[in-house]
Structure formats: C-alpha cells, structure tokens
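Undergrad: Could you have a look at this structure, given as structure tokens, before my questions?
Nothing in this text is a laboratory measurement; each read-out follows from the coordinates by a stated rule. What you are looking at is a predicted structure, and each value in this text was computed from that prediction instead of being measured. As a convention, Cβ positions derive from the backbone with ideal geometry for all residues, glycine included, and neighbour counts pool all protein chains shown.
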Amino acid sequence: MTATERATVETSATDRFAAADLVLPGSSWPCLGNVLPAVAGALGVDAVPGAGDARTTLGLPTASRACVVLVDGLGFANLADRAGHAPFLRGRLGGSTPLTSTFPSTTATAMGTFGLAEPPGGTGMLGYTVRVPGTGTLGNLVSWTGLPPAREWQPAPTVFERLADSGTPVTSIGPARFAGSGLTEAALRGAAYRTAESLSDRVDATLDVLRRPGVAYLYWGDVDKAGHHHGWGSSQWGDALADLDAELGRLARRLPRDTVLVITADHGMVDVDRTLRWDAGTHPVLSTDVALVAGEPRALHLHLDPGADADVVAKRWRDVLGEHAVVVTRDEAVASGWFGAVTPRVEPVVGQVVVAMTGRATVVDSTTQTAASLELVGVHGSLTRHEMLVPCVVVA
C-alpha cells in the first residue's frame, strides 16, 4: 500500500468511526494498560517500562503497598448511571478520570493489556475467540481451549513477572479455578496465587497480604455475570453492585497506612436489542466468502475464504448492517490504531475484515456459538462509551 493509499484508508475509517461516536483505545483518556505500571511507579520499581510516566498520568502517590481491584464488567457509564447502589464508589467517582478499555472491549483482550501493559496488537489477545494461525480453527481465550500453551501464545513478560523479578512480592487473590489457567498464565503470571471464593473472603485475604509491603491484586466477576444474564439495568445487577460496593468500602477502611488502592475494570456493557440481531452463520449475504467468524457478537474478526476480496466483503457487511456497525478492513483497523501497534506474529489473528457494532446491535454466529451464549442479555466488545470507559478510582 502506498503512502497516498494508506492516508485515504485512514481518513475513510476515521470518518466512519467519528460518525458513530465511538471511543478509540487511549484516545481521549489513558488506557487500562497504565494501571500496573503506575502501581510499579508508586512503589518505586523502575524495572517496569513507563512506570514513572504512568504514575504521573494516573496521579498515584508513592507508597510501600498497593492493592489493585479489577471488577469484571463495571463500566464507568454503567456505574455512573447506577451509582445509587454504590455509595462508596459514588463518593469517589466524580473526581476521577475514566480509562479506556481495549478493542475488543472484552475480558481476555483487556486482561492481556492490563497484565502486560501492551496493546492487543502485541499480546495476541484479540477477542473472546480467535482464529489460531497454525490450525485455522477457533480458540477460546477465556476457557483456553483450542489454543497452544499460554506461554507460547503470549511469550512476553508480564508486569507481575517484572515486579517479582525486582524483588517486589505480588499476590493474586481469586477463585481456585483461575489458578494456573491459560488466561492467568498468559496475562497475569508471576504472582503468587491465593485462593478465596466469596468476595468477603477475598477482601480478608487481601488485607492479610497487605500486612507486608508489596502488591495485592483482587479480581471479582459477579457484576459481569449478573449483567450477562439479566442486563446491567436489572435489579440483579444493582444488587451485585451494592454487594461489591459494601466490601470495597470495608477494604478501603481497613487498609494499612502507606497503601494505595486502585479500583478499575476490564470493560463495560450494553444490553442487547434482539430486533437488531443478525446471524452471520445463516445470513445469505453476511456468510458469503467468510470462512470463519472470530471475536464476539459486538466485535467480529472475519477470516475470509482464499481469494476473497476484503474490500468487497466489507462493503457487503456495511450494506446489510448500515448504521448499526462500523465495518473496516484489516488494513483500515490497523492503520487507525484499533489494536495499537500490531506485530507480524499477531497480524494473522486479526480478521481480514473487522466489525465494531454500534448502539445495542449484535451479529451472532449460530454455527459456532452455544445456545446459552445466544441468550445473553448484557454484552460487550465494541467501542461505544458504555463498553469502552472503565473507572479508575484511587484511594490513598
């Protein structure tokens, strides 16, 4: 592609992006990938690249202990709209600045960027499902099925490894099923793992860890679970938020002196509109020339049949989906920075056509998705503000 052609591609993609009022990772706000380097900077660990700048960006004070809480599915806009259920967080949200998630705005991708401080184009963590270049089949980055070993898929050192190698103790607190999982190994390896199931038990374990200098990382997934099954506007989501808020308040009150607490999330959520749903597996136009659909219903990677023209396929999808999606080719997505810098190792994982849904629309694939996944109420993955903006609450 010539310089002139690339400039035309970038302008075209940028215009479609702006018209849909979407949020590019790291564009107007800092990215989620700043959190752990900022924590390293707060602890005075210079072995993590960019630690000092990240600390300044997020406004973290110096400390001897740090606690990072990541709440799955707690979008900044979702939280602001339901803040009546969260008095502790509500009191601190107004003075905070949101962060952007990744594209796709989904757990596996966001956790890769969170844990490595690298964009998805470097981590290879490009969606809920991805096409595995060696086999051409779908791999699942959450269950880690159909994929090579985690350290082969993602070989770069994590921030936790860098901290541990520098002599800073790091402990991850979470459910037993995540200990040694593929996603943990890919994005968060390097921390000692402490098992705790309930949220109150995790808070207790975190407080115990913080009796000594170092880093404690606590993950909580029930807010996301409630949103998927009932929607983020539901009473169940509000109840899950209230339970979380109460325990976060208890954690903050009992933190040792000289501790900085950072509360953030991996992504937000929108509730689906079932009248705006297409099935790529059966639709006569959307299925044409498409060999495999990876990603998720809000953010799709289209891998094409041999010889298929990406521009032609992208135009077909635009014609069908209209204002309900921004459809770009791989070249457009990469040139516009959707995935950050994309390495040659990761480039084949990006679809030849990439789709970001707008509003509350979805594109499913009934040939590969489970029946349960087709029934989810709350979804995420795209570039809307509800999906992309996540909180960054600092307590010190």
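Undergrad: Looking at region 4-137, what % of the alpha carbon pairs are farther apart than 22 Å?
TA: Within region 4-137, distances greater than 22 Å cover 51 percent of Cα pairs.
Undergrad: Report the Cα centroid-to-centroid distance between region 359-376 and region 243-304 in angstrom, as an integer.
TA: For region 359-376 versus region 243-304, the Cα centre distance is 13 Å.
Undergrad: What distance in nm separates the two pseudo spin-label positions at Thr56 and Asp201, each 7 Å out from Cα along the beta-carbon direction?
TA: 4.4
Undergrad: If you don't mind, another one. Just to confirm the filter: which trypsin sites (Lys or Arg not before Pro) across region 208-260 are DSSP coil and have at most 14 other Cβ within 10 angstrom of their Cβ?
TA: Counting only loop positions with at most 14 other Cβ atoms within 10 Å, the trypsin sites (Lys or Arg not before Pro) in region 208-260 are Arg211, Arg257.
Undergrad: Summing Lys, Arg as +1 and Asp, Glu as -1, what charge do residues with Cβ under 11 Å from the Cβ of Asp208 carry, Asp208 excluded?
TA: Net of charged neighbours comes to +3.
Undergrad: What's the percent breakdown of Cα-Cα distances in region 281-350 across 5 Å bins, shortest bin first?
TA: 3, 15, 26, 30, 17, 7, 2
Undergrad: Calculate the tail of P(r) for region 96-158: the fraction of all Cα-Cα distances greater than 19 Å, expressed in %.
TA: When every Cα pair of region 96-158 is considered, 27 percent fall beyond 19 Å.
Undergrad: List, largest first, the extents of the alpha carbons of region 263-309 along their principal axes, each in whole Å.
TA: Over region 263-309, Cα extents along the principal axes are 47, 26, 13 Å.
Undergrad: In nm, what is the difference between 0.36 nm times the number of residues separating Ala19 and Arg212 and their Cα-Cα distance? Before the final figure, lay out each step's value.
TA: On the way: separation 193, 0.36 × 193 = 69.48 nm, distance 5.05 nm.
64.4 nm is the gain from fully extending Ala19 to Arg212.
Undergrad: Could you list Val270, Val142 in order of exposure, starting from the residue whose Cβ has the fewest other Cβ atoms within 10 Å?
TA: Val142, Val270
Undergrad: In degrees between 0 and 90, to the nearest 10, how far off the longest principal axis of the chain does helix 199-209 point, with axes built from Cα atoms?
TA: The angle comes out at about 60 degrees.
Undergrad: Still on this structure, I have one more. Rg/Rh for region 68-109: what does it come to with C-alpha atoms and Rh from Kirkwood?
TA: That ratio is 0.98, to two decimals.
Undergrad: Where Rh is the Kirkwood radius over the Cα pairs of region 210-277, the temperature 25 °C and the viscosity 0.890 mPa s, what D in µm²/s does Stokes-Einstein return?
TA: Estimated via Stokes-Einstein, D reaches 173 µm²/s.
Undergrad: Percent of alpha carbon pairs in the chain separated by more than 26 Å?
TA: 50
Undergrad: Right, here's the next one. How far apart, in nm, are two points set 7 Å out from the Cα along the Cα-to-Cβ line at Asp239 and at Ala179?
TA: Taking the simple label geometry, Asp239 and Ala179 are separated by 3.0 nm.
Undergrad: Under 9 Å from the Cβ of Ser105, count the other residues' Cβ atoms, weight Lys and Arg +1, Asp and Glu -1, and hand me the total.
TA: Summing Lys and Arg as +1 and Asp and Glu as -1 gives -1.
Undergrad: Reported to two decimal places, what Rg/Rh ratio describes region 122-280 when computed on Cα atoms with Rh from the Kirkwood expression?
TA: 1.01
Undergrad: Using only DSSP helix segments of four residues or longer, with each worth -39500 (n - 2.57), what per-residue ellipticity at 222 nm results for the chain after dividing by its residue count and rounding to 500?
TA: Calculated mean residue ellipticity at 222 nm is -10000 deg cm²/dmol.
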